[in-house]
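To start, the structure under review is shown below, and the notes come after it.
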Amino acid sequence: MSASCPRGLLSVLMFSTAVLLGLGGTRASAEARPGYLTGKAVDAQGRPLAGVRIRVYGPTNSGAGVGQSISAKTDAAGRYAVRLPEGTFSVQDAIHDVRYDGQLYRLPLYLVGEDKTDFDSENGAEANFVFKISGLISQDKRRDSELSYFGGFLRWDVRESVGGGTAVSDPSKTVVLHLTPEGRLMDGSAGQPLSIQRPFTSRSADRVLKDLPLGVYRVRAVLRSRDGAEEPLLVSPKPMSGAGAYEERPAPAPEARLVFAPKDGDAPLMTQNGVYGVDLELSPSGGKGPREQQPRASPRTGVAEPNGQEVPRAPWDNAKFKIGDRVEYNERLDKWIPGVITGYAPGRYYRVQLECGDCEKPQIHENDLRLAPKAK
């Protein structure tokens, strides 16, 4: 089991594996019908999913190379059939609409076999899908990136006081998060309470929880000393983007409701999940904590701000980029958009002004950015 996977997720991995074996692979199936893309969509327990939209895209022979997008929805048995004209096509996405906790989530499904190669409609093809609320999006994703999983992620920062700067880390202590599911998870399954322990350091890897099964949780936290003594912490979660991200941060409390905000639009196949991460602030429940060790991020610009004076420096160590750097943003597979770093956001995220008119992204993770090539 990977280091990012809590013990409570073992059952998720086990039944997901069983479902994948039962569905078999894609493309090479004897069930392929000439002129069609066919297949089935199920949940992680193998139950059929109705209403999943499957979309394919490709240039048709009759369209002089012009691309065409064609879609179909699964029936009550979870099966679908997309009739295709002559041409070469690929699966574009498979989206399952889930009404959950008063919000609409457009969640991408896992492609069994992970075969995204183009196919000739004359031969037909088969593609099967599984609705997963945790686990790797695809095997070629980086295990150390929180963006590589169907599950949600949260990043936390321990403050010196409520509304204060970042507290001095102490590796002899442990940050403990207790997460209790509030009702059923997004796929209707029963969630398991989780207790996550991380050393209290300034390392980014020690301040993130990856691949949390999608759902709503009650979260509380303590700071545990080596002798076992625990100091309760106040918690204040806020989505990093999407619904609620631009509202005032909730007042710190001993326990809070953790909700993942749905992403806008449809995620291309095997690229991302359908929710934004959560930024979690932890602060002492009483009195003043340790003094600030490093500049904190300004809530107005995201630029490091010691003693109220803004300076263009990242509020974490070993930053890959600095303000003013020309970069490229990986919006989706093989599509890079040029832009300029304009600020910082918590958790190794950057504010980027993209070259697409009035198009500023408030939070892009460093893994989705690269330095732009120098002009010749």
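The values are calculated or read from the model by the stated rules, or taken from the named source; none is laboratory data. Fair warning: this is a prediction, and the values are worked out from it, not measured in the lab. Backbone-built Cβ (ideal geometry, glycine too); neighbour counts: all protein chains shown. All accessible areas refer to the heavy atoms of the entire protein, side chains included, with ligands and DNA or RNA removed. Shrake-Rupley method; radii C 1.70, N 1.55, O 1.52, S 1.80 Å.
How far apart, in nm, are the 7 Å Cα→Cβ label points at Glu255 and Ser71?
For the pair Glu255/Ser71, the computed spacing is 4.0 nm.
Select from region 200-243 those trypsin sites (Lys or Arg not before Pro) which occupy a DSSP coil region and have at most 16 other Cβ atoms within 10 Å, ordered by residue number. Intermediate results must be reported in sequence, preceding the final value.
Values: sites: Arg203, Arg207, Lys210, Arg218, Arg220, Arg224, Arg226; in loops: Arg203, Arg226.
Qualifying residues, ordered by number: Arg203, Arg226.
Modelling each spin label as a point 7 Å along the Cα-to-Cβ direction, I'd like the Gln197/Gln45 distance in nm, to one decimal.
Placing both labels 7 Å along Cα→Cβ, they lie 3.3 nm apart.
Sort 278-284, 194-200, 361-367 by packing, meaning the average of other beta carbons within 10 Å per residue, with the highest value first. Don't skip to the end; give the middle numbers.
Numbers: 278-284: 22.6, 194-200: 15.7, 361-367: 18.3.
Final packing ranking: 278-284, 361-367, 194-200.
Quick one: with all protein chains in place, what share of the accessible area of region 175-248 is carbon or sulfur, to the nearest percent (1.4 Å probe)?
Working: 1490 of 3230 Å².
Within region 175-248, the accessible surface is 46 percent carbon and sulfur.
Rounded to the nearest 0.05, what FRET efficiency do Arg33 and Arg99 have when you use their Cβ-Cβ distance and R0 = 41 Å? It would help to have the intermediate numbers written out before the result.
Details: r = 33 Å, r/R0 = 0.80.
Result of the calculation: an efficiency of 0.80.
Extending each Cα 7 Å along its Cβ direction at Arg79 and Ser225, get the distance between those two points in nm, one decimal.
Reported label-point gap for Arg79 and Ser225 is 6.6 nm.
For region 83-167, what does the accessible surface come to per residue with a 1.4 Å probe? Please give it in Å². Walk me through the numbers on the way to the answer.
Values: 3100 Å² over 85 residues.
Roughly 37 Å² per residue, with all protein chains present.
Among 117-129, 180-192, how do they line up by average Cβ neighbours within 10 Å per residue, starting with the highest?
Numbers: 117-129: 19.9, 180-192: 16.8.
Per-residue mean Cβ counts within 10 Å order the peptides as 117-129, 180-192.
Would you give the gap between the C-alpha center of region 234-287 and the C-alpha center of region 90-111, rounded to a whole Å?
Using only Cα atoms, the two centres lie 20 Å from each other.
Taking only C-alpha pairs under 8 Å that are 6+ residues apart, what is the relative contact order of region 75-120 in percent? Write down the numbers at each step before the final one.
On the way: 35 pairs, mean separation 18.2, N = 46.
Relative contact order, region 75-120: 40 percent.
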